Amino acid sequence: MIKKAEREETKNVNKTTRLTLITALVVLVIAVMAGSASAISYVTVTSPNGGENTSGTTNLIWDSDGTAGDSGSFALAYSADNGTLWKNIIVGLSCDMRSYSWDTTTETPAGSPAPNDGTNYAFRVAYSANGSIIDRSDDIFTIDNTAPTLDVLDSPIEGVNLSASLVWINGSYNDTGSGVDACRCLIVRVRRVAATITR
Ligand SMILES: [Ca+2]
Ligand SMILES: [Ca+2]
């Protein structure tokens, strides 16, 4: 009878040990799951990251270890003055997002002016669930949505014989805000003068 009682006690102790182990495992699994829900450890802006000349729709790109199941979201913002004032482009992006197509010609965010031409732009990505997970473009970049203007004042007209040793082509070009990269004057078929400029 004593041995049977001992066996029963041993069984109960084993059952208690098993229950404790199972409980510990469940707690561990819950802890691991909770950890994975806020596992984002970094976000890094990839493009534009400084030095670019952008216009129209540009691809904003960043890197992170976030996944679709993570809590929180990404917020994208731009600054026209190298980081003094930031305006949201979009908020609430899923943590598995790594790029966003940004139209620099429209109101962003809605109701605020579209970005103007400028050379002091910065781009920023922030993680909503942790204020220390944030990054901006390492340097400034340019937004230029204004085509250059060209005003030719003097040039040979069609039909004129270009036999003179000196031919005047006179005009001006302008690109407000971001400058002109190049200006080319073309004489086509020795009769017509055309000028092109690029930004
Ligand atoms: Ca950066
Ligand atoms: Ca321009």
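The values are calculated or read from the model by the stated rules, or taken from the named source; none is laboratory data. Computed from a predicted structure; not experimentally measured. Note that each Cβ is placed from the backbone with ideal geometry, even for glycine, and that neighbours are counted across all protein chains shown.
What residue, of Arg199, Arg124, Arg136, Arg192, is surrounded by 12 or more Cβ atoms within 10 Å (Cβ to Cβ), closer than 30 Å to Ile90 by Cα, basic (Lys, Arg) and modelled with pLDDT under 80?
Exactly one residue qualifies, and that residue is Arg199.
Filter segment 97-106 down to residues that are among the hydrophobic types (A, V, I, L, M, F, W, C) and in a loop (DSSP other than H, G, I, E, B), then give me how many there are.
The total comes to 1.
Just give me the residues in segment 51-96 being of a type in the set (A, V, I, L, M), surrounded by 17 or more Cβ atoms within 10 Å (Cβ to Cβ) and part of a loop (DSSP other than H, G, I, E, B), in sequence order.
Residue satisfying the conditions is Ala80 alone.
Which ones in segment 118-133 are under 21 Å from Ser55 (Cβ atoms) and more than 16 Å from ligand 2 (Cβ to nearest atom)?
Residues satisfying the conditions are Ala122, Phe123, Arg124.
Please pick out the residue among Pro115, Pro109 that is part of a loop (DSSP other than H, G, I, E, B) and within 16 Å of ligand 2 (Cβ to nearest atom).
Pro115
List the residue pairs whose Cβ atoms are under 6 Å apart, where the first residue sits in segment 84-102 and is under 17 Å from Tyr42 (Cα atoms), the second is among the aliphatic types (A, V, I, L, M), and the two are 6 or more positions apart or on different chains.
Listed pairs, sorted by first residue: Ser94/Ala68; Asp96/Ala68; Ser99/Ile61.
Inspect segment 94-105 for any residue being over 17 Å from Asn145 (Cα atoms) and of a type in the set (A, V, I, L, M) and give the result as yes or no.
Looking through segment 94-105, at least one residue is over 17 Å from Asn145 (Cα atoms) and of a type in the set (A, V, I, L, M).
Determine the pairs where a residue that is modelled with pLDDT under 95, located within segment 32-55, has a partner that is among the hydroxyl-bearing types (Ser, Thr, Tyr) and assigned to a loop (DSSP other than H, G, I, E, B) with Cβ atoms under 7 Å apart, the partner being 6 or more residues away or on another chain.
Within 7 Å, the pairs are Ala37/Ser71; Ser38/Ser71; Thr54/Thr104; Ser55/Thr104.
Restricting attention to segment 134-175, and to residues there that are within 16 Å of ligand 2 (Cβ to nearest atom) and among the hydroxyl-bearing types (Ser, Thr, Tyr), which single residue is nearest to Phe123 (Cα to Cα)?
Among those residues, the one meeting the criterion is Thr142.
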